Every structure is written in C-alpha cells, then in structure tokens.
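A short reminder: the numbers here are calculations on the coordinates, not readings from a lab. As the structure is a prediction and not an experimental result, all values here were calculated from the model. Note: ideal-geometry Cβ built from the backbone for every residue, glycine included; neighbour counts use all protein chains shown.
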Amino acid sequence: MKIGRKQALITHPIARWNVHTASHLCPYGLWSGQAGNVLASVYWLQQVRPAQRTGIEEKYSGMQLSSTDTGSKRPFHPISDRVGVYVCGVTPYDTTHVGHLFTFATYDTIVRLLRLLGHRVVYVQNVTDVDDDMMRKARELGTTWDKLAEDQVSQLRSDMHALNIAMPDFFPRASEQIDLIIEMTKRLVAHGWAYTANGNVYYEARKDPEFGPPSDLKSYGDMLVLANERGNTPTDPNKRDPLDFILWQSSLPDEPSWESPWGRGRPGWHIECSAMNYRYLGPTVDIHGGGYDLVFPHHPAERVQSERFTGIKPFVRFWCHVGMVRLSGEKMSKSLGNLVLARDLVKEWSPNAIRLALANHHYREAWDWEAADLPLMTEIDQQFGAALQRSGDTSSGCPLSGSPMLRAEILAALEDDVNTPLAIVKLRALAAAILAAPVSADVRSAQEDLRSLAGVIGLRYPGPPGA
Ligand SMILES: [Zn+2]
C-alpha cells in the first residue's frame, strides 16, 4: 500500500504544485473552481504524506460499518489520520426530493458521527452538471445546461440549509474536472483498458475481469440487462461490445464541449466521479456511496477506472449505499409525477420532524415515504425540546442517574452501522428520563448529551438559557 501511494504522488498530474506555498494561502473549507481544484489536490497530498513518513497504521475505532461488496459489517479503521468520504451527488435537474434528502441526510449523520468520535474528515459531494439527462432537460425547458445547473444547485443548497444538512468540505462540479478527466482517459487508453472510435473513447468493460464489484453481479448477461435498464446504449455502432461504457464522447452542437486528443467533446458520467474522488481524496477513499441505483453500473465503472488509472487497490474501503425511497411502492421520479420535494415539506413540517422521519429508517433500507409519519415525528421533536427546556436543581450536585448509560447506548447504536432508528429509541428514553427526573436532580449533563447526540441525526434546538 505504501509503495502504491508513493507511485500515485509521483504520477499525479498536478503533483508539481508547490504544497508549501498553497498551504498557507488556503484555509481548510469549501473550495470550488479551478483554483480550488489545484489547492484541493495539494490538500490531499499533504494529508497522506504524514502517514507515509511516520508509518501510521490503521487506528481502531469502535465503529462498525457494512460494505455493499462484502455484505457484512466490520470495524471501521481510517487508513490515515483523516477520513475521506465521497457521496455521489445530484444531477441537478429535479432537486431536491426525498430520495436525495435520505442520501444526503445519511452522509451528514455519518460525517457528524465521525467528527464526534474525534476523526478528521474530508467530505466531498459532487454535482454531475455534464450529463445526458442535463442536456435533455435543458432542451425541454428551453434553457442552457449551465443555467439549469446553477438554478438547481441553488435550490439544493437552500434545501440542505433548511434541513440542517451540513455542506460538504468540497462541492465540485464535473465541468470543473475536464483536465484531470482527459489525463485519466489518456492513461486508460495507453494501458489498453480503453479504445477510441470516431471521437469517442470507451472503457472495455467485458475485457476487464475485475468489472463487477461492488455489485454482486457475476455474469455478463446479467450485467448487460441491468446496464441497459440504467442508460446503457448497447447498439452504439462505435462500441466493440455492448457493455463497454463511455469515457469521452463527441458533443452535439448544442452541448458543452472541450478540446481533447480525440476532438471536441465531453466526458462520460462515470469518469467524472473517478476524477473527483482522485482529485479531492486521493487513490483510496474510506467511505463512498450514493443511492442503491448506483451499485451497478456506476460504481463498478468508477472502481475499475480508478484502480486501473492509479494501480492502487482498493479504490474504496467501505461502500455505503443508501436505500431507495418510494411513494406508494413506486420509485419516485419526475416522469411519474410522484416526487416529494423538500421545499414543499418544509412549508408544513419542522426540519427536525423531517430529519426524524428520515433517520427513523436504517440507511440501507428501501422504504415508502409516509406523510402520516410526520405527526408522530413532530411529537418526538416536541418531547426532545421539552426535555431540553426543563430546569433542574443545579445546586444539588446530584446528576440524573442512568444518563451516562443511555448516552453510551445511543452512541453504541450509532456506531453499529449507523443504526439511527435504534438511536432514536434510546434518545427518547433519555428525554423521558430527563422529563421524569425529580426536581432535586441536576439534569444539565443529561441535556447536553441529548442535545449533542440528537445533533448527530441533524436535530437542532435553541441553546440553553445564557449559552
Ligand atoms: Zn458518482
């Protein structure tokens, strides 16, 4: 592993940038744009170097995470002194529906939990602003792809803010990654994993024996059927095999295009995420996910591209996919007209009630959105609020008994593959204990526990009096 990382440092396309100059120019935080990309690249280089120098090995935490590829839980060990987290973000044309919210609220909780446990986290969420769906939608609306993206990203930011979903450290757009995408594509062609045809470049999926995980698909036939259901174009005459997927394609006249060794064109979807993972987090990512519909073919494609480009395995250590949210048993989609949008929900329900409704399902669960759940979630929110407002005898020196045990149980639930439904049950027990405590009890530390641990699932309450 260490040798592999060293190779990556040497071969990184912009490793020549002066890290010492950049480090004091740019504080840690949200960067975007080309300058941000350069500094972000420098940022991850700095993060992996201390581990190489000092030989820091994986450190233990009490957290257990499941991974889609193995289907089982195992202890979560960060690979270095920072945890890299990447979630595939929106293609910005129908934001922000409950399915999006469930994914981003889940990753918000994962990141908050890791930080509560003392980890330094770098969290990346991308925006797929160059994509076939974006082009189609922009044509339908009579607008341009970049204007559509701008409007939708603005809506997404507003919805995330309303629901206390923290913004990622990096929020890059695919259209900002073209230089690195071209570098990666060139290398995949040079190493024989990809081929060119009439201004397009394809990854030769069928010839790569490692194409498949993190999905459990083994047979070529099964892969082709599912790929075709999810946007593959098997009859493309430029392909050597129907399962091959696009890395670069020539653009139509009304589509964005960039100069490349293969003519003017635009990238394919999968390579965009490989580039953003590499640029912001390096060759190996601790936790990577998105909705379950990305388990195939998007993530197998990302994985083989990334590992064949860097020569380093694994590309991802924990694949954490988030269950699909349905409405009356059907997938939510614009075409079915059954999207439940964040901006409509917040008109009627409190952000805390909505976050509770999301966290009341384990992140891997596929479930039906039920508006009828919201009144109960509102009651729970009010119970937590009342417990936090309750006053106690601050001079008694007699803390609420049982509170440390409940705190441990809530944390244990969250550390057990982010079991938010169980954490809510335990949070309710803590709130009930505070409300039922005798007047002589000092409930302040129990209230601090309730406030901080409810905060992990995104609940916000006013601070204590005088705070
Ligand atoms: Zn992706």
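The table that follows gives values for the structure above.
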read-out	value
With at most 16 neighbouring Cβ atoms within 10 Å, loop chymotrypsin sites (Phe, Trp or Tyr not before Pro) (DSSP) excluded, longest segment of the chain	61-467
Kirkwood estimate for the range 370-456, i.e. one over the average of 1/r between Cα atoms, Å	13.3 Å
Cα-Cα separations in the range 190-266 greater than 18 Å, expressed as whole percent	45 percent
Residues 405, 134 arranged by fewest to most Cβ contacts within 10 Å	405, 134
Distance violations [Cα-Cα > 24 Å] among 207/334; 186/218; 186/313; 73/426	207/334; 186/218
On Cα atoms only, tilt of 220-229 relative to the major axis of the chain in degrees	70 degrees
Percent RCO, i.e. relative contact order, over the chain, from Cα pairs under 8 Å lying at least 6 residues apart	17 percent
Exposure proxy order (Cβ contacts within 10 Å, fewest to most) of 273, 398, 320	398, 320, 273
Within the range 128-210: Cβ-based charge dipole about Cα centre, in debye rounded to nearest 20 (Lys, Arg +1; Asp, Glu -1)	220 debye
Options 437, 382, 372, ranked by Cα towards positive dipole end of the range 370-456, top entry (Cβ charges)	437
Length-normalised contact order for the range 190-266 - Cα pairs under 8 Å, 6+ apart - percent	35 percent
Net charge of Cβ neighbours under 11 Å - reference residue 357; Lys, Arg +1; Asp, Glu -1	-2
Degrees between helix 374-389 axis and first principal axis of the chain (Cα, 0 to 90, nearest 10)	50 degrees
Nearest-ten-degree value, helix 178-190 long axis tilted from longest Cα axis of the chain	60 degrees
Length released on extending from residue 196 to residue 254, taking residue separation times 0.36 nm less the Cα-Cα span	18.6 nm
Distant-in-sequence amide H partners of residue 122 (H built 1.01 Å from N, under 5 Å)	83, 84, 85
Dipole moment magnitude, nearest 20 debye, the chain about Cα centre, only Lys, Arg, Asp, Glu C-beta charged	1300 debye
Percentage relative contact order, the range 347-460, counting C-alpha pairs under 8 Å, at least six apart	37 percent
Long-range Cα-Cα pairs in the chain (distance over 42 Å), rounded percent	19 percent
